[in-house]
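Enquirer: Following this message is one structure expressed as structure tokens.
The values are calculated or read from the model by the stated rules, or taken from the named source; none is laboratory data. Computed from a predicted structure; not experimentally measured. Cβ placement follows ideal geometry from the backbone for every residue including glycine, while neighbour counts extend to all protein chains displayed. SASA here: full protein model, heavy atoms, side chains in, ligands and nucleic acids out. Shrake-Rupley method; radii C 1.70, N 1.55, O 1.52, S 1.80 Å.
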Amino acid sequence: MSFQTAHAFAFSLATTLMAAIVIYRAGDGTLSVTPASEYDGDEAAIVGEIDPFAS
């Protein structure tokens, strides 16, 4: 998935769940999103983060 698509999906997920969402690059180079509380991967793999509570 492209960064633009991942970012849009992460934003939608963050506003729906009202939880911080992490955009990360998987080992095969693809981008994916997951709630920040469930991410236990390498910090260097994080491409972006969406926090619905940030102002």
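Enquirer: Compute the accessible area per residue over the chain, keeping the other protein chains in place, probe 1.4 Å, unit Å².
Expert: Details: 3600 Å² over 55 residues.
Heavy-atom accessible area per residue stands at 66 Å².
Enquirer: Something else about it: Calculate for the chain the 222 nm mean residue ellipticity that helices alone would give, adding -39,500 (n - 2.57) per DSSP H run of length 4 or more and normalising by residue count, nearest 500 deg cm²/dmol. Mind showing how you got there, number by number?
Expert: Details: 1 runs with 15 residues, N = 55.
Mean residue ellipticity, 222 nm, calculated: -9000 deg cm²/dmol.
Enquirer: What does the charge add up to near Ala20, with Lys and Arg as +1, Asp and Glu as -1, over the other residues with Cβ less than 13 Å from its Cβ? Display every interim value, and only then the final one.
Expert: Details: positive: none; negative: Glu38, Glu49, Asp51.
Summing Lys and Arg as +1 and Asp and Glu as -1 gives -3.
Enquirer: Which one, Ala36, Ala26, Ala44, has the greatest fluctuation when you compute a Gaussian network model over the chain with C-alpha springs under 10 angstrom?
Expert: Comparing Ala36, Ala26, Ala44 in the GNM, the peak value goes to Ala44.
Enquirer: Now for a separate question. With the crude spin-label approximation of a point 7 Å out along Cα→Cβ, what separation in nm comes out for Met18 versus Ser2?
Expert: 3.3
Enquirer: A follow-up question, please. At R0 = 35 Å, how high is the FRET efficiency between Asp28 and Asp51 if r is their beta carbon distance? Nearest 0.05 is fine. Don't jump to the answer; show the numbers that get you there.
Expert: Numbers: r = 27 Å, r/R0 = 0.76.
Rounded to the nearest 0.05, the efficiency is 0.85.
Enquirer: Still on this model: Carbon and sulfur together cover what percent of the accessible area of the chain at a 1.4 Å probe radius?
Expert: Details: 1930 of 3600 Å².
Percent of accessible area from carbon and sulfur atoms in the chain: 54.
Enquirer: Then there is this: If I histogram all Cα-Cα distances within the chain using bins 5 Å wide from 0, what percent of pairs lands in each bin?
Expert: For the chain, the pair-distance distribution reads 4, 24, 33, 24, 13, 3, 0.
Enquirer: Cα axis of helix 3-17 to longest principal axis of the chain: angle in degrees, 0 to 90, nearest 10?
Expert: Around 40 degrees separate the two axes.
Enquirer: What percent do you get for the relative contact order of the chain when only Cα pairs under 8 Å and 6+ apart count? Kindly include the intermediate steps, with their values, before the conclusion.
Expert: Values: 79 pairs, mean separation 21.1, N = 55.
Relative contact order for the chain comes out at 38 percent.
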